[in-house]
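No lab work stands behind these numbers, since they all come straight from the coordinates. Only a predicted model underlies this, so the values are computations on that prediction, with no experimental measurement involved. FYI the Cβ positions are ideal-geometry reconstructions off the backbone, even for glycines, and counts take in every protein chain you see.
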Amino acid sequence: MIGILVLGLYAHTGSMPPLVVVESSSMIHEENGEVGSIDAGDLVLVHRQPMETVITFAEASNPSHPNFGYEQHGMAGDVIIYDKNGEGGTPIIHRAILEVVAHTTQTPNRSVAPDAPSNEHCPDGGSFDDALLDQDGQIGTCIMTWNVPGTNVVNATTISLSFDGDEAGYYDCKRLAHANVEPYLVVWNWTPSQEGMLTLGDNNHCSVDQGSSAVNGSVGVHSASGVVKPVRDSWLIGVAGGELPWLGTVKLALNTAPGSPGTVYVPNSSYLALFVLVTAVLAAPLVLEPVLRRLVVGAPELKLAEDELEEE
């Protein structure tokens, strides 16, 4: 039965596994949990989609963009699941804020070692993207200027963008503003290391995954090789679809692996909701059986069949 369910979910999502369990509180909207947003202990469907179908916050919050008004899990734009720097480990499930794509490129210095620093690959400046096709037909190119779809950033050497409701859609950091800290998200003088997505947890108060080089004060998400870079298509596991609230709490409670947070971030209300759900599932047969039996016994079709048997 479970196998059939998993296969059905795989057919629906195109991903295996088709569900992920949320472990942290980085996406919560309410401290006590909320159906519709992503809380620790929720199961989330993972839809396999190419990067070009992902709708960013920048696009969905721009009134002049075709995808304006698109929302998933309580805010504008898609929530994606990705591998940190493509290195495996526990995936990250955060919102796609904006995408950086190359506008102009330049052929790199092909004589240097593949793992040489970016400035050796690109002596004239720019960022060396080792996965992007160059105009010479080889993999690897120097990105000199950038575009950010859904915004006015076009052919820019660095990216500066304020999500203040004017320059871009308003993104509330849910933090106190003071001298050098705005209440909204500000990407400032960022030179991306490669094409990809800038990502952010809804509850991370504008501390983006790509760190302080993109947004001042950001701690960033780290992998074995360092701070997460813009999320590439090859790192994308999928796009977050529907959620099954609370059900992943059981898995988190049973997970004793080193480094696992367990149920630390699960909202208290989730335990009560899970208890009510399990109780309802267990009680349903006891309640439904006598009701269904009464309906069957009183059905006119059954009486007609009994009369026909008596006549025979």
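Please find, among P114, P63, P108, the residue that is closer than 26 Å to D166 by Cα and part of a loop (DSSP other than H, G, I, E, B). Break it down into steps so the answer makes sense when it comes.
Working: P114 fails: closer than 26 Å to D166 by Cα; P108 fails: closer than 26 Å to D166 by Cα.
Only one candidate qualifies: P63.
Looking at (1) in contact with an Asp or Glu (Cβ under 7 Å, 6 or more places away or on another chain); (2) exposed (fewer than 15 other Cβ atoms within 10 Å of the Cβ); (3) acidic (D, E), can you tell me which one D129 breaks?
With respect to (1) in contact with an Asp or Glu (Cβ under 7 Å, 6 or more places away or on another chain); (2) exposed (fewer than 15 other Cβ atoms within 10 Å of the Cβ); (3) acidic (D, E), D129 is out only on (2).
So which residues in the range 73-105 are in a loop (DSSP other than H, G, I, E, B), surrounded by 21 or more Cβ atoms within 10 Å (Cβ to Cβ) and at positive phi, if there are any at all? Even if it seems obvious, please write down each step before you answer.
Filtering the range 73-105 for residues in a loop (DSSP other than H, G, I, E, B) gives 73-74, 78, 83, 87-91.
Checking the rest, the ones that are also surrounded by 21 or more Cβ atoms within 10 Å (Cβ to Cβ) come to 73, 78.
Residue satisfying the conditions is H73 alone.
One residue is enough: does the range 253-265 have a residue meeting the conditions surrounded by 19 or more Cβ atoms within 10 Å (Cβ to Cβ), of a type outside the set (S, T, Y) and outside any loop (DSSP other than H, G, I, E, B)? Steps first, answer last, please.
First, pick out the residues of the range 253-265 that are surrounded by 19 or more Cβ atoms within 10 Å (Cβ to Cβ): 263.
Within this subset, residues satisfying the condition of being of a type outside the set (S, T, Y) are none.
There is no residue in the range 253-265 that is surrounded by 19 or more Cβ atoms within 10 Å (Cβ to Cβ), of a type outside the set (S, T, Y) and outside any loop (DSSP other than H, G, I, E, B).
Can you tell me how many residues in the range 157-191 are in contact (Cβ under 8 Å) with a residue 12 or more places away in the chain, under 20 Å from N62 (Cβ atoms) and more than 20 Å from the chain's Cα centre (by Cα)?
Taking the range 157-191 first, the residues in contact (Cβ under 8 Å) with a residue 12 or more places away in the chain are 157-165, 167-175, 180-182, 184-191.
When the remaining residues are screened for being under 20 Å from N62 (Cβ atoms), the result is 159-165, 167-173, 182, 184-188, 190.
Filter once more, so that each one left must be more than 20 Å from the chain's Cα centre (by Cα): 159-162, 164-165, 167-168, 182, 184, 186, 188, 190.
Selection size over the range 157-191: 13.
Name the single residue that is surrounded by the most Cβ atoms within 10 Å (Cβ to Cβ) among those in the range 23-62 being closer than 18 Å to L247 by Cα and in contact with a strand residue (DSSP E or B) (Cβ under 6 Å, 6 or more places away or on another chain).
Among those that are closer than 18 Å to L247 by Cα and in contact with a strand residue (DSSP E or B) (Cβ under 6 Å, 6 or more places away or on another chain), it is D42.
Of D129, D115, D83, D124, which residue is over 23 Å from M197 (Cα atoms) and acidic (D, E)? Quick ask: steps written out before the conclusion?
On the way: D129 fails: over 23 Å from M197 (Cα atoms); D115 fails: over 23 Å from M197 (Cα atoms); D83 fails: over 23 Å from M197 (Cα atoms).
So the residue among D129, D115, D83, D124 that is over 23 Å from M197 (Cα atoms) and acidic (D, E) is D124.
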